[in-house]
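Single-structure report; data block below.
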Amino acid sequence: MLTQKDLRPLIPLVAICLIAAILLAACNLVTRGPIKANADLAAQQTRTRLLADATSFEEMELKEGSGLDSCFEGLDANGDLVGYVAAITVNGYGGAVEVTVGLDAEGVIMGVNVGGEDFNETAGLGALAKEPEFTDQYAGKTVPLRIIKGNEAKGDDTIDAISGATITSTAVNGGVNLVGKYISDLSGGGSANTASVQGFGGPVAVTLTLDDAGAIETIVIGDDFFNETEGYGARALEESFQSQFIGLTPPLELSDIDALSGATVTSTAVVNAINTVYGQLTGAIEVSSSNVEEPLDEETPAAQEDETPAAQGDSYTASAQGYAGPVAVTLTLDGDTITAISIGDDSFAETDGLGAKALEAEFQEQFIGLALPVTADDITPISGATVTTTAILSAIEEIYAQLN
């Protein structure tokens, strides 16, 4: 039992802790205002830079379910509309990426700014999305735009991906497309039966009608802006996927449907767009986009933030984002045939009992003898670890793509 003598030395420590807490609270109160003022000033300067013809900006009320952070009308000295500046936050490789887009009154992109307080893309790779060499590609173009890599044919609707940073490039481009679509719909009035939500490669539009009981009667997924990955999210366009929604009553959860294998992001976007339309038609509040607990990097075969696969003797290594971090895969090949495989490195951090099963020989041995490219149909995936399994396939696909 503590005596008064025992407690005496603790009194100064308690006093110091209390004083420190009070000082920290006071410091927070003093600095909160200037920090917000600086952030507002930086945002104003960005708007002015992206839409130089505007002399003033008026913030617009966002439509429910827009996915945007903010949207401003840009006005000239006479009060006439010269364009828009809108901001959206997308999920890159390292976390949140803020994308701000300036467009003239006809929807032509005047400029793009990438960054934000939480920007944490990989230095020398995804972080290059902030550089003019990448963002200047957007000037003078109109959405929808698509990301291309390597020797793919260029056009007025293409943006060159940052080498080794497919995820960041795709995320930024998707944000630009969603902003452009929002402004386009705004100008055209839009429709209560249609909503778009950010998918993996850009906006995923859903148009539907409800019967008298409130169940889905018809549904159409996709529009000119649809840019999900072939073989993965693009399967949302197939009748076999869309037909399962007929007769369901919104709002929906992801667990209510058979999600696309390896394309959780696209599947979630479809569900959230349906719920947004439901809210628009009935006045109900749509379900939050937090239906998916998995990271937003699992969908595309090129979903990795490394440079080209590193050769190690007769072996090649690439990695892709898993559920808890990068998943490295090393292959030894005889031509296009896998003769040996090693999964994981010092950065491997997948969940014990789930994604960590990728380290087990029983899982890895099934790859031996398979010819590249390897698809999900060629293997038995890890039950309950779709993200990890997809990351492994993505790394293998990246090795195959670079070698060919």
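Tabulated results
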{"read-out": "Packing-based ranking, highest mean first, of 13-26, 207-220 given that Cβ atoms within 10 Å are counted", "value": "207-220, 13-26"}
{"read-out": "Peptide ranges 193-206, 77-90, 247-260 listed from the most packed, as the mean C-beta count within 10 angstrom indicates", "value": "193-206, 77-90, 247-260"}
{"read-out": "Estimated [θ] at 222 nm from DSSP helical runs (n ≥ 4, -39500 (n - 2.57)) normalised by residues in the chain, nearest 500", "value": "-9500 deg cm²/dmol"}
{"read-out": "Packing-based ranking, highest mean first, of 39-46, 385-392, 142-149 given that Cβ atoms within 10 Å are counted", "value": "385-392, 142-149, 39-46"}
{"read-out": "Length-normalised contact order of the chain in % [C-alpha pairs under 8 Å, at least 6 apart]", "value": "10 percent"}
{"read-out": "Accessible surface, 1.4 Å probe, highest first, among residues ARG47, ARG235", "value": "ARG235, ARG47"}
{"read-out": "Solvent-accessible heavy-atom area per residue, rounded to whole Å², over the chain at 1.4 Å", "value": "49 Å²"}
{"read-out": "Separation in nanometres of the label points that stand 7 Å from Cα toward Cβ, at SER342 and THR48", "value": "5.6 nm"}
{"read-out": "Space enclosed by the convex hull of the alpha-carbon atoms of the chain, per residue, Å³", "value": "217 Å³"}
{"read-out": "Helical segments meeting 24 Å axial Cα length and Kyte-Doolittle 0.5 threshold in the chain (DSSP H)", "value": "10-50, 264-282, 386-403"}
{"read-out": "Sites matching GluC sites (Glu not before Pro) across region 66-140 that sit in DSSP coil, with at most 16 neighbouring C-beta atoms within 10 Å", "value": "GLU106, GLU117"}
{"read-out": "Within the accessible area of the chain (1.4 Å probe), percent carbon and sulfur", "value": "51 percent"}
{"read-out": "Rounded D (µm²/s) - region 159-208, Kirkwood Rh over Cα pairs, Stokes-Einstein at 25 °C, 0.890 mPa s", "value": "209 µm²/s"}
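The values are calculated or read from the model by the stated rules, or taken from the named source; none is laboratory data. Remember, it's a predicted structure, so these values are computed and weren't measured experimentally. All Cβ positions, even for glycine, are placed from backbone atoms using ideal geometry, and neighbour counts span all protein chains on display. Accessible surface areas use protein heavy atoms only, side chains included; no ligands, DNA or RNA. Shrake-Rupley method; radii C 1.70, N 1.55, O 1.52, S 1.80 Å.
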